[in-house]
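Participant: Sharing a structure below in structure tokens format, with a few things to ask.
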Amino acid sequence: MTQPVLEIDDIRVTFDTADGDVNAVRGVSMHVMPGETVAVVGESGSGKSQIMMAAMGLLAGNGAATGAVRYRGTDLLTLPARKLNDLRGAKITMIFQEPMTSLDPLYRIGEQLAEPLRVHGGLSVKAAMARALELLELVQIPNPEAKLRAYPHEMSGGQRQRVMIAMALANDPDLLIADEPTTALDVTIQAEILQLLADLQARLGMSILFITHDLTIVEAFADRVYVMRQGLLEEEGTAQAIFGNPQTDYTKMLLAAEPDGVKLPVAADAPVLLQGDDVRVTFGKAAGWFSKDTTLRAVDGISLSLRKGQTIGVVGESGSGKSTLGRALLQLLPAEGRVVYQGEQIGGLDRAGMRRYRDQLQMVFQDPYGSLSPRMTVGEIVAEGLSVHEPELSRAERDARVMQALDDVGLEPSFRNRFPHEFSGGQRQRVAIARAVILRPDVIVLDEPTSALDRSVQKQVIDLLRRIQVEYGLSYIFISHDLAVVRALSDYVMVMKEGVVVEEGPTAQIFGAPQMEYTRALMRAAFNLKSLLLEKAG
Amino acid sequence: MPPLSWGGTFQFGRYHMLSYAIRRLLGAIPTLFFIVTAAFFMMRVAPGGPFDQERALEATVLANLNATFGLDQPLWRQYLIYLGNLAQGDMGPSFVYRDLKVHEILAIGLPVSMKLGGMALALAMVVGSALGSVAALRQNSAVDYGVIAIATFGITIPNFVVAPVLLLVFALYFDFFPAGGLTQWQSYILPVIALALPQIAVVARLIRGAMIEALRSDHVRTARAYGLPTRMIVIKHALRAACLPAISYMGPAAAALLTGSIVIEQIFGIPGIGRYFVQGALNRDYTLVMGTVIVVALFVVVFNLIVDLLYAVLDPRVRYD
């Protein structure tokens, strides 16, 4: 019987924190055979990444691992640093979730690719550069010679991830560990990167250990799957078995995590609340004496009308201008064009002028970690808008409204005395929604409110948004790159690309019969990843 | 395969850098003009004049002196005359050191101060970076706490305490170094150390903080995951990024160091420019004060420009616009 490439035996990872020891991984065993693709799946906090960090000697300073991680029989956990350095980057390589920050911003791509080649392979500068160029060609980066001299910030996220893959392949590894390699990327790019990985594996024959929170993307990709939850293995088996016949409720939940339900269109005569006419936002400045023209039309003449009770979904890849559009409609950044709210022109109003509309036009942001002040209690955060817009309320009335708002979003009213850091991402997003609904707004612009959340939590937030929409008769502008979520929540969809709307219409029509090639490509990458990968492989 | 040299982009970059530097220096002219104007009138608002002495001069003598130096003219005319002379590079005569012109005083003292300050600057950069890096690599260890303690000490103990102590111990008690003057190379050691000590402390603290952050960054994790040697990771990938905040600090610090320190120059008996700053102001030596103000302002402008250019060299994301 062949020996596994990697064998993890009862690994435990503990972090020494101010609140005592945290057991991130509590005894997990797994193995990877030569040429095999193994997926480790779990939601955030399940410990899946920490196993690999421990194996590679990359744990944070306060972390410690016990057990064994054997690479072809050699235990990596007890290996001296120098010996470990001979393996990592050469025989075992890694790509990370954050393509934007995983490369050193201060050095050219060629130089960074050459480093592991020179350190492990002993190549000369010239030979390393020649090999780096081959690698860039291998990962299908357009114009590879120019890219050797480019800096990371001059490349897109997808291109940077390709560079990371090139670096991972540089020394013909036995095992490639890919830690959420596509999570930070657009769906179309995600499909391309997965295709590339599958293709390279077929050609080069290394094993791949693929870590992800999204079970659905590994179906076409993995031979075997390990499902992790709270530091323990929940289920393991072949991909066929896991997808065909999941045993545990948790795995079933992960598989069924695709948001479901639809939203019915509003009546055609429902009153128009918010109307935008030829809205434009331009960044940068025009050419001057000494400078080039740096203008970018982020939003280039978009019109929309939002009716009462309606949800307009705005989809598009990163950089398409969808968030900018949302902010422009609420006058959160300078925009041209007419914006009319309930018959009154609000386009071009300054901050003071907008203040009396702010309670009716609310916004919820993507990042539930950054958008709540860490030094205020949840109660203070939620109540803050009230003290501006309804200053006449007494303390007791205000408190009652806060408790009501927290109750509306499914949080314990007693949570109002706690601070944001005590809550999970999903709970924080509920706080952000409570902060918006407490003012009884007419319109809420939701900017990727579910993107930073695990699928299971995402589902709860979607249910919540749906419920309060009916309860309070809210209208939403729902901005997301996640087509499944948009399909579940909106009754009208606008597809954006490079600042313009390429296609729009009722949700059923856009998803049922997309007209534009761009929309179709988005749909394929989002919903038919498996067939897309098989088609490519086949 | 093209050679991986500084290719076409660099030519482009250098052109941009030059045009940026020229624009910045041209942009500094209004600033300097404002500083000269403000300093000129503030100096005149201060009570007293260059010829006030313990015993008042005879009225005719004073009038003669004022006439000789043009102080009998209306203030606006004096200002215009000063600007006109300045535009021709003439900073005028000193009112107190009567046989010297201001630029001659500067020409004698400034090189000495710049030499001393330059050495202190270099010492602070090298030693401060080394201490800060070592502390960051051994975060929360005895070494780290030791560096923090030394740095806190260096910042809190003023140099009018440090300098005499150094002098007493190393020059008078042990007789390792000369006690004053600048007669031989050993004479530089104590004043440079005294001058550099607080700067070493600040640089060490800045580098330590930035280094800790850099060592935690994703790209350093990548470098570790790819088995690069620790030395390479620290120097190439962490220190370069960690230098940036220290460099921002060094701009204004360099301007201060190179224009001399009255305390150090007095204690070690060094004929630098620092003492003229204070004496000129106390004596109401109008032209000397103006001269020193212009020198300091120029240094600040130039060093801030150097900092910005260095930033752009070290960090390709910084663009000149």
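Participant: Quick one: dipole size for the protein assembly as shown, taken about the Cα centre, charges +1 on Lys/Arg Cβ and -1 on Asp/Glu Cβ, in debye to the nearest 20.
Facilitator: Result for the protein assembly as shown is approximately 1640 debye, rounded to the nearest 20.
Participant: Once you list every other residue whose beta carbon is under 10 Å from the beta carbon of A:GLY35, what net charge do they have if Lys and Arg are +1 and Asp and Glu are -1?
Facilitator: -3
Participant: At most 16 other C-beta atoms within 10 Å and a DSSP loop state: those are the exposed chymotrypsin sites (Phe, Trp or Tyr not before Pro) I care about. Give me the longest piece of chain A that has none.
Facilitator: The segment A:1-288 is the longest one with no such site.
Participant: Length gain on complete extension for the stretch B:PHE41 to B:GLU213, per 0.36 nm per residue less the alpha carbon to alpha carbon distance?
Facilitator: Value of the extension gain: 57.2 nm.
Participant: If you consider only alpha-carbon coordinates, what radius of gyration and Dmax does chain B have, in Å?
Facilitator: Answer for chain B, Rg first and Dmax second: 24.4, 86 Å.
Participant: Could I ask something else about it? Which net charge results for the neighbourhood of A:ILE141, defined as the other residues with beta-carbon distances under 9 angstrom from its beta-carbon, given Lys and Arg at +1 and Asp and Glu at -1?
Facilitator: +1
Participant: So if we plug the beta-carbon distance of A:ARG395 and A:ASN528 into 1/(1 + (r/R0)^6) with R0 = 41 Å, what FRET efficiency do we get, rounded to 0.05?
Facilitator: Efficiency, rounded to the nearest 0.05: 0.15.
Participant: Charges on Cβ only, +1 for Lys and Arg, -1 for Asp and Glu, centred on the Cα centroid of the stretch B:107-314; of B:MET250, B:ILE273, B:ILE262, which one is farthest towards the dipole's positive end?
Facilitator: About the Cα centre, the residue reaching furthest to the positive side is B:MET250.
Participant: May I ask for the net charge around A:LEU306, where only other residues with Cβ less than 12 Å from the Cβ of A:LEU306 are counted and Lys, Arg are +1 while Asp, Glu are -1?
Facilitator: That sum, taken over residues with Cβ under 12 Å, equals 0.
Participant: Let me ask something else. Give me the number: length gained by fully extending B:ASP99 to B:VAL278, i.e. 0.36 nm times residue separation minus the C-alpha to C-alpha distance, one decimal in nm.
Facilitator: Difference between extended and current length: 62.5 nm.
Participant: So for the protein assembly as shown, taking the charge dipole from beta-carbon charges (+1 Lys/Arg, -1 Asp/Glu), which of B:LEU57, B:TYR20, B:PRO198 sits furthest toward the positive end?
Facilitator: In the protein assembly as shown, that residue is B:LEU57.
Participant: Let me ask another. For the stretch B:196-321, what does the alpha-carbon gyration tensor say about shape, rounded, prolate or oblate, given a ≥ b ≥ c as the root eigenvalues, a/c under 1.5 as rounded, and a/b over b/c as prolate?
Facilitator: It is prolate, given that a/c is not under 1.5 and a/b is the larger ratio.
Participant: Further, regarding this structure: How high is the FRET efficiency from A:VAL500 to A:ALA286, r the C-beta distance, R0 25 Å, rounded to 0.05?
Facilitator: The computed FRET efficiency comes out at 0.75.
Participant: Given chain A, report the % of alpha carbon pairs whose separation exceeds 44 Å.
Facilitator: Taking all Cα-Cα pairs of chain A, the fraction more than 44 Å apart is 23 percent.
Participant: Would you grab the residues whose amide H sits under 5 Å from the one on B:LYS101? Only those 5+ places off in sequence or on another chain, please, with H modelled 1.01 Å from N.
Facilitator: For B:LYS101, whose amide H was placed from the backbone, the distant partners under 5 Å are B:SER94.
Participant: Ignore the peptide's own chain and count Cβ atoms of other chains within 10 Å of each Cβ in B:212-222; give me the average, rounded.
Facilitator: Across the residues of B:212-222, the mean count of other-chain Cβ atoms within 10 Å is 5.
Participant: So, R0 is 56 Å and r is the distance between the beta-carbons of B:ARG240 and B:ASN66; what FRET efficiency does that work out to, to 0.05?
Facilitator: 0.45
Participant: Past 30 Å, Cα to Cα, is the threshold; run A:LYS252/A:LYS308; A:LYS83/B:LYS236; A:LYS285/B:LYS236 against it and keep the listed order.
Facilitator: Check vs 30 Å cut-off fails for A:LYS252/A:LYS308; A:LYS285/B:LYS236.
Participant: Another question about this same structure. So, by mean Cβ neighbours within 10 angstrom, what's the order for A:139-147, B:213-221, B:41-49 with the highest one leading?
Facilitator: Top to bottom by mean Cβ count within 10 Å: B:213-221, A:139-147, B:41-49.
Participant: In nm, give the distance between the simple-model label positions of B:LEU314 and A:GLN460, each being 7 Å from the Cα along the Cα-to-Cβ direction.
Facilitator: Placing both labels 7 Å along Cα→Cβ, they lie 4.6 nm apart.
Participant: Between A:ASN417 and A:ARG203, what length comes free when the chain is fully extended (0.36 nm per residue of separation minus the Cα-Cα distance, one decimal in nm)?
Facilitator: Gain on stretching A:ASN417 to A:ARG203: 71.3 nm.
Participant: Just checking the output field for A:95-108: average partner chain Cβ neighbours within 10 Å of each residue's Cβ?
Facilitator: That average works out to 5.
Participant: State the Cα centre-to-centre distance between the stretch A:29-53 and the stretch A:350-371 in whole Å.
Facilitator: 41 Å
Participant: Just how large is the dipole of chain B about the Cα centre, in debye to the nearest 20, putting +1 at every Lys and Arg Cβ and -1 at every Asp and Glu Cβ?
Facilitator: The calculation lands at about 1220 debye.
Participant: Further, regarding this structure: Put a dot 7 Å past each Cα toward the Cβ at A:ASP10 and A:ASN245; how far apart are the dots in nm?
Facilitator: Output for this residue pair reads 3.1 nm.
Participant: A follow-up question, please. Of A:ALA168, A:ALA434, A:THR78, which is farthest on the positive side of the dipole of chain A, counting Cα position, with +1 on Lys and Arg Cβ, -1 on Asp and Glu Cβ, and the Cα centre as origin?
Facilitator: A:ALA168
Every number here is computed from the coordinates shown, using simple stated rules; none is lab data. Quick caveat: nothing in here was measured; it's all calculated off a predicted structure. Virtual Cβ from ideal backbone geometry, glycine too; neighbours counted across all protein chains shown.
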